[in-house]
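Worksheet for the structure shown next.
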Amino acid sequence: MHITQGNWQARINPERGSLGLTRTEAVDLMLLAAGNTCKEIARTTGRSPETVRGSLKKGYHKLGVYKAAGAVAEAMRRGWIAPLLIALVISGLNPDADTLRHRPPVRTRQHVSASRTFTRRDTGSVYA
């Protein structure tokens, strides 16, 4: 059975006690893969952050990993979660997507030459 959450799709096993992710573990893992924190996942799903952490830990145990990045990578490797292809195709066709991600800094650093600094120091001197 497949479920979707945002730009992610997951394969779940509805039978209790079987291999694979449960519905809540899959939803939490998809939201984690989308870059959300435990607090944001809790807010989205209407549960407490501790409940979300417990669900993610069960998912980590099933995947045999200890961290969030490892869980997402292992779940993708096993085919339990995957980004939706539509989102990948649209981002691949949009040439402006790369420029939006890598924008130049808003403030740039102003260079001050040594001679300018030297003259500025000399201006207020009594001995100049």
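Shown is the FRET efficiency for E40 and E15, computed with R0 = 41 Å from the Cβ-Cβ distance and rounded to the nearest 0.05: 0.85.
What part of the accessible area of region 1-60, given as a whole %, is carbon or sulfur when the probe is 1.4 angstrom? With neighbouring chains kept in place, the figure for region 1-60 is 50 percent.
For region 1-44, the set of trypsin sites (Lys or Arg not before Pro) satisfying both a DSSP loop assignment and a count of at most 14 other C-beta atoms within 10 Å is given as R16.
Distant-in-sequence amide contacts of L21, defined by a placed amide H-H separation under 5 Å and a gap of 5 or more residues or a different chain, comprise N13.
The values are calculated or read from the model by the stated rules, or taken from the named source; none is laboratory data. The structure displayed is predicted, hence computed values, not measured ones. Cβ sites come from the backbone with ideal geometry, for glycine too, and all protein chains shown count toward neighbours. Heavy atoms of the whole protein, side chains included, go into the accessibility calculation; ligands, DNA and RNA do not. Shrake-Rupley method; radii C 1.70, N 1.55, O 1.52, S 1.80 Å.
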